[in-house]
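Report on the structure given below.
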Amino acid sequence: MDAFLFDTTVLSIYLDPNHPQHIAKGQSLAALPAENPRFVSPVALGELGFGTRLASLIGKGDPARLNAILAEARAYAVLDITHHTASAYAELKSKVAHKYLAKTLRQDRPKYIEDWIDKATGQKLAIDENDLWMCAQAKERDLVFVTADARMKRIPDADAEVRLLIV
């Protein structure tokens with residue numbers, strides 16, 4: 001039986017009835033077997049919490065509605081990030097970097113540390129660091145990572161052990 005780990009995009013669309021894609025994505029999620037476990041990452045909760053607090057600080061959105069979305073997201077079982085997750089993250093990011101930045105990474109580092117530049121940034125990989133952490137959690141626990149972000153297909157293209165469902 002597959003278990004699912006929902007990413008931030010899925011949660012924000014699925015839990016917000018005012019989101020323009022709520023009905024379509026909600027139908028996709030409703031098609032998942034109801035008896036299969038569903039989880040969220042503390043990374044996704046952090047992203048949702050950040051969005052909620054920032055919107056409140058700049059006077060955007062409805063704070064009560066945003067807090068309700070965050071509370072509903074917290075109602076899912078939350079998976080801890082552990083040293084096992086860190087190992088899965090290191091393996092995953094190295095595979096993604098090798099696939100998409102192989103030529104760049106082969107270049108020698110400058111002699112002086114002040115001139116070093118991280119060549120495997122999320123921006124260079126075209127993959128958000130938080131998404132890598134959540135995929136690492138899914139990989140570590142053999143979960144299906146559920147996202148609404150089609151760009152995420154780059155991750156299982158680099159590491160076939162990441163199981164991805166784009167809704």
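Dipole size of region 126-167 about its Cα centre, with +1 on Lys/Arg Cβ and -1 on Asp/Glu Cβ: approximately 140 debye, rounded to the nearest 20. Only protein heavy atoms count here; on that basis, with a 1.4 Å probe, D149 has an accessible area of about 30 Å². The charge dipole of the chain, taken about its Cα centre with unit charges on the Cβ of Lys, Arg, Asp and Glu (plus for the first two, minus for the last two), comes to roughly 420 debye. Label separation (D149 vs Q21): 1.1 nm, computed from points 7 Å beyond Cα along the C-beta direction. Modelled spin-label separation between A31 and K99, with each label point placed 7 Å from Cα along the Cα-to-Cβ direction: 2.4 nm.
Extension gain for A3-E161 works out to 55.4 nm (0.36 nm per residue, less the C-alpha to C-alpha distance). With the helix formula -39500 (n - 2.57) applied to DSSP H stretches of n ≥ 4, the chain reaches a computed 222 nm mean residue ellipticity of -16500 deg cm²/dmol. Compute the longest continuous run of the chain that contains no exposed chymotrypsin sites (Phe, Trp or Tyr not before Pro); treat a site as exposed when its DSSP state is not H, G, I, E or B and it has at most 15 other Cβ atoms within 10 Å. By the stated rule (loop sites, at most 15 other Cβ atoms within 10 Å), 1-111. Element breakdown for the chain at a 1.4 angstrom probe: carbon and sulfur atoms account for 55% of the accessible area. Note that the chain shows a convex hull volume over its alpha carbon atoms of 134 Å³ per residue. Modelled spin labels at L54 and A68, positioned 7 Å past Cα toward Cβ, are 2.3 nm from each other.
Rolling a 1.4 angstrom probe over the protein heavy atoms with all chains in place gives the chain an accessible area of 57 Å² per residue. Between the Cα long axis of helix 63-74 and the first principal axis of the chain there is an angle of about 70°, rounded to the nearest 10.
The values are calculated or read from the model by the stated rules, or taken from the named source; none is laboratory data. Being a predicted model, the structure only gives us computed values, none of them experimental. Neighbour counts run over all protein chains shown; Cβ positions are idealised from the backbone, glycine included. All accessible areas refer to the heavy atoms of the entire protein, side chains included, with ligands and DNA or RNA removed. Shrake-Rupley method; radii C 1.70, N 1.55, O 1.52, S 1.80 Å.
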